[in-house]
Amino acid sequence: MRDFDIAYGAEVAEARRDRRPIVALESTIVSHGLPKPDNLRVAREIEATVRAAGAVPATIGMVGGRLTVGLDDAELSHLASAEGVAKLSVRDIAVAAAAGADGATTVAATSAVAVAAGIPIFATGGLGGVHRDASQTFDESADLVTLARTPIVVVCAGVKSILDVGATLERLESLGVTVLGYGTRRFPGFFITDSGFDLDWSVDSPEEVAAVIAAGLAHGVHTGGTVVANPLPPDQQLDPALHDRTLADGLALLEREGVTGKAVTPFLLSHFHSATHGESLAVNVRIILRNAELAARIAVAATR
Ligand code: PSU
Ligand code: MN
């Protein structure tokens, strides 16, 4: 039987041994969420941002069936450019490993693997959530139910407006996932600063998030995930009018082309990127880099 143990990149292995701050990063945004060739450049920038803020980046993914925490540059560029990289949610990880596949991990899969690797902090762009037609299709991202049972802190800019944001927040509540606004009591809307929905709690510093983590660990009561929702400043968001037009067109196109299931998120993202002539891409990159920096600062504060 092949050795299926999780593989660690050299820098991550060392940081785990020395208990230094580490930030988990997902690979689905690289292989399915961002267009080539910007995706590889952005993936490298995310890692550089984490390092600059004093933590070690651990990008998680699978190359040739090997589940790896801390992909090296060759592995990262392979997942950014290869054809047929699978989009791996939690349920896909073991079967993809057995098949020797290449795969990129979603928020759900990355969270689960990070916790298995002892890494409690994760940065991404936006969470998956409840799709707009979910009452008929049952299309709800496994990100939500995985966060219910996975003790990870995910720094994100909310969920994309391509989803049903209100329903997603209701599900996060039902599932017992803690949601903290970072410097705000409004849930961010990914490309836009404010989704229009209120939050019960906000935090204003990495130290406050570290205190939430410490309290949760000490109590041993809440064993699920915590979302740190970090909005873009208003002057960095996508123009809300452009956003609303693009979304309406994208949803119509989705229906016309009959796109369903796990292809929906990548389809709408790529529609945004082409319809806004790259403007949404620039916004998307800002979101991810800001989240990577905040996650690194939280990791540093939590390690003190
Ligand atoms: N949000 C983004 N970009 C992405 C995704 C979410 O801004 O690429 C990816 C994440 O990996 C997330 C996944 O976990 O889409 C959700 O897909 P689905 O709805 O099929 O669960
Ligand atoms: Mn789905």
- line: Turns out the helices (runs of 4 or more DSSP H) fully within segment 122-181 with at least 3 residues that are touching a strand residue (DSSP E or B) at 6+ places or on another chain (Cβ under 9 Å) and closer than 24 Å to Glu208 by Cβ are 165-174
- prompt: For the subset of segment 1-21 comprising residues that are of a type in the set (Gly, Ala, Ser) and in a helix (DSSP H, G or I), which member is surrounded by the fewest Cβ atoms within 10 Å (Cβ to Cβ)?
  reply: Ala10
task: Please indicate, with yes or no, whether at least one residue in segment 68-80 is closer than 18 Å to Ile298 by Cβ and more than 15 Å from ligand 1 (Cβ to nearest atom).
output: no
- prompt: Taking the condition under 22 Å from Pro37 (Cα atoms), in contact (Cβ under 8 Å) with a residue 12 or more places away in the chain and within 16 Å of ligand 2 (Cβ to nearest atom), does Ala82 pass?
  reply: no
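Which residue, of Thr178, Thr110, Thr137, is buried (at least 21 other Cβ atoms within 10 Å of the Cβ) and hydroxyl-bearing (Ser, Thr, Tyr)?
Numbers: Thr178 fails: buried (at least 21 other Cβ atoms within 10 Å of the Cβ); Thr137 fails: buried (at least 21 other Cβ atoms within 10 Å of the Cβ).
Answer to the check: Thr110.
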query: Residues that are modelled with pLDDT of 95 or more and over 22 Å from Arg41 (Cβ atoms): which helices (runs of 4 or more DSSP H) entirely in segment 194-287 hold 1 or more of them?
result: 206-219, 240-257
statement: Expected single match for within 16 Å of ligand 2 (Cβ to nearest atom), farther than 21 Å from Phe187 by Cα and in contact (Cβ under 8 Å) with a residue 12 or more places away in the chain among Ala97, Ala117, Ala109 is Ala109
- prompt: Under the condition of being away from ligand 1 (no atom under 13 Å from the Cβ) and within 17 Å of Lys262 (Cα to Cα), which residue from segment 134-162 is nearest to the chain's Cα centre (by Cα)?
  reply: Ser135
Enumeration of residues in segment 200-212 that are within 17 Å of Asn291 (Cβ to Cβ) and in contact with a strand residue (DSSP E or B) (Cβ under 6 Å, 6 or more places away or on another chain): Ser202, Val203, Val209
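The values are calculated or read from the model by the stated rules, or taken from the named source; none is laboratory data. Everything numeric here is computed off the predicted structure, so don't read it as measured data. Backbone-built Cβ (ideal geometry, glycine too); neighbour counts: all protein chains shown.
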